[in-house]
Amino acid sequence: MSCKFCKRESSASISGPPQSYTKNGEFATVTQIECRGIDPVAFEPRGEWKAKSAESNSRFTFSLDENEWYDYDDDAGETVSVSNIEAQFVRGRQQK
């Protein structure tokens with residue numbers, strides 16, 4: 001993509017597979033984004049997401065368009081959810 005004002009080229013791409021997240025309430029790396037000429041400022045979880053229950057082998061497919069998701073894991077007999085989503089961007093080391 002290019003800036004409509006200065007015409008400078010920039011890009012962002014996912015640079016690896018998604019990583020599992022199991023720590024409740026703590027920040028963890030879930031993906032890496034290679035950015036050239038831009039700095040990310042926000043994360044909006046759109047589209048289809050998948051999860052596996054930490055208590056059973058139940059798998060779920062859901063949308064985070066409303067920034068939260070709630071369901072019930074019949075195998076574990078517990079509610080499951082994704083809510084209070086926060087993101088932070090950490091500048092990583094350049095790979096050579």
Hey, rough spin-label estimate for ARG59 and LYS4, points 7 angstrom out along Cα→Cβ, what's it come to in nanometres? 4.1 nm
Pair SER13, ASN84: separation of 7 Å Cα→Cβ label points (nm): 3.7 nm
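List the trypsin sites (Lys or Arg not before Pro) within region 26-77 that DSSP assigns to loop and that have no more than 13 neighbouring Cβ atoms inside 10 Å. Don't skip to the answer; put the middle values down first.
Details: sites: ARG36, ARG46, LYS50, LYS52, ARG59; in loops: ARG46.
Filter output for region 26-77: ARG46.
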Percent of all Cα-Cα pairs per 10 Å bin for the chain, counting from 0 up to the last occupied bin, reads 12, 38, 29, 15, 5, 1
Rounded to the nearest whole number, the per residue volume of the convex hull around the C-alpha atoms of region 1-42 in Å³ is 75 Å³
At 1.4 Å probe size, with no ligands or nucleic acids counted, give the accessible surface of PHE43 in Å², nearest ten. 100 Å²
Furthest towards positive pole of dipole, SER81, ILE14, SER2, structure part the chain, Cβ charges: SER2
Sorted by mean Cβ packing within 10 Å, highest first, what order do the peptides 69-77, 83-91 take? 69-77, 83-91
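Go ahead and run the numbers for FRET between GLN32 and LYS52, Cβ-Cβ distance against an R0 of 22 Å, rounding to 0.05. Don't skip to the answer; put the middle values down first.
Working: r = 21 Å, r/R0 = 0.96.
After rounding to 0.05, the efficiency reads 0.55.
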Diffing region 2-15: the Karplus 3J(HN,Hα) column from phi (6.51, -1.76, 1.60, θ = phi - 60°), in whole Hz with x for Gly and Pro, holds 10, 5, 6, 8, 9, 6, 5, 7, 8, 7, 9, 8, 5, 10
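The values are calculated or read from the model by the stated rules, or taken from the named source; none is laboratory data. The structure presented is a predicted model; accordingly, all values stated were derived computationally and were not measured. Positions of Cβ are generated from backbone atoms using ideal geometry, with glycine treated the same way; all protein chains shown enter the neighbour counts. Note: accessible area is taken over every heavy atom of the protein model, side chains too, but ligands, DNA and RNA are not part of it. Shrake-Rupley method; radii C 1.70, N 1.55, O 1.52, S 1.80 Å.
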